[in-house]
1. In what sequence do Val274, Val311, Val220 fall when counting other Cβ within 10 Å, fewest first?
2. Which peptide among 89-101, 331-343, 71-83 comes first, and what is the full order, when sorted by highest mean count of other Cβ atoms within 10 Å?
3. If you average 1/r across every pair of different Cα atoms in segment 143-235 and take the reciprocal, what Kirkwood value do you get, in Å?
4. How do the peptides 153-159, 173-179 rank, highest first, by the average count of neighbouring beta carbon atoms within 10 Å per residue?
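What follows draws every value from the coordinates through simple rules; no lab data is involved. This one's a predicted model, so the numbers in the text were calculated from it and none came from an experiment. Counting neighbours? That spans all protein chains shown, and the Cβs are built from the backbone with ideal geometry, glycine included.
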Amino acid sequence: MQRQLFGELLHLFLLCLGSLLTLVLIGRGLQLRELFLGLDLGLADAVLLFVYLTPFFMLLVVPVACMLSVFLTFLRMSTDRELIALKAGGVSLYQMLAAPVLFCVLCTLLTLGISLQGLAWGMSHFRATVMEIANSRARVVVQPGVFNKDIPGLTLFARQVDPADSRLSQVIVEDRSRKDATLTILAPTGDIATDEARGELLFRLQNGRLYKTEGQQVSVLGFGEYVVRIDLGQMFKGLDLGEIKPKELSWSQLRALPLDEANGSLGDKYLRKVAVELHKRWVFPAACLVLGLFAMPLACAFEGLHRQFGVVLALLMFLVYYSLLSFGLTTGEAGTIPPVVGLWMPNALFLATGLWGLRLAAHERTPAVVSLFSHSRLALRRKRASA
């Protein structure tokens, strides 16, 4: 029995995981369409970027798929009267817990691996790949002997451009991004680089002069090296990398960050985000076990419910859970509620409800709300039959 139950759970989990992940990736692809068009990505590059984004989405999708698989399995068993037959044969609901608990624990371990290692791996490779593509694209944009105005607020000219190593010669840059001044920069040499940590494209100019125009005044400044920083979001629509965020860091990097609080290198807001992220890396894996235990008595209580309505009900319950979790994330980052309270409260609430419901289901009792729902549904069926 346990082997068959585990097999059904695994089959439904893979089906739900594949379906949800596909929907999420399609939705994310539509959001990033301007980025893909701006970077002129080929199919292989687009697929590679989606692979790197997959761990980020799986962190949310795996708990949902785990909950749905447990709920649908026990909903089918209750609807087909398998639970009644097993109970008549002397098998209690507690004796059926081995397979679903083992399954939820495996989902928890999978999510924990994604949370502690896979997430940082995917996000770092996504950032590095986008920066590399943007750098290559910038080499193409900067044509030798042409005044380039594709970058808002900036005009760039280079007499010679070496596409192999991004070297520029006889460079002129006019920077109009400042409201009160215009910068004109002349340099004999320069190169194109990227700042991966800040998500910026760099034009590094050497041994030149800077002419700053403010109204009728012009000042001249010589420099050994001058760096023009350009946010990649200005060049490519749909791209918003910015500085490396806590969600992109590995577990060891997150643990090390609060140590910098003493020297003041990090702001309070950033440290609050780090504190929230530290708890979030464990909250989502724990959600697999919590939501799985919550789904079992929920399915037993709504015996006879059609599968399509069951999916809607389970998703509504997850929406309630995620709304509470989002509230905890928001208040934790704002410093209103400690992250340990705001983030772990949904898990504690759903775990307590699940254990209470499991006890009722084992004694063949249902909550008053479910009984009212069942009576209303039965009355509706009778009314339709009489009509």
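1. Ordered from fewest to most neighbouring Cβ atoms within 10 Å, Val274, Val311, Val220 come out as Val220, Val311, Val274.
2. 71-83, 331-343, 89-101
3. For segment 143-235, the Kirkwood estimate is 13.6 Å.
4. Peptide ranking by packing, descending: 153-159, 173-179.
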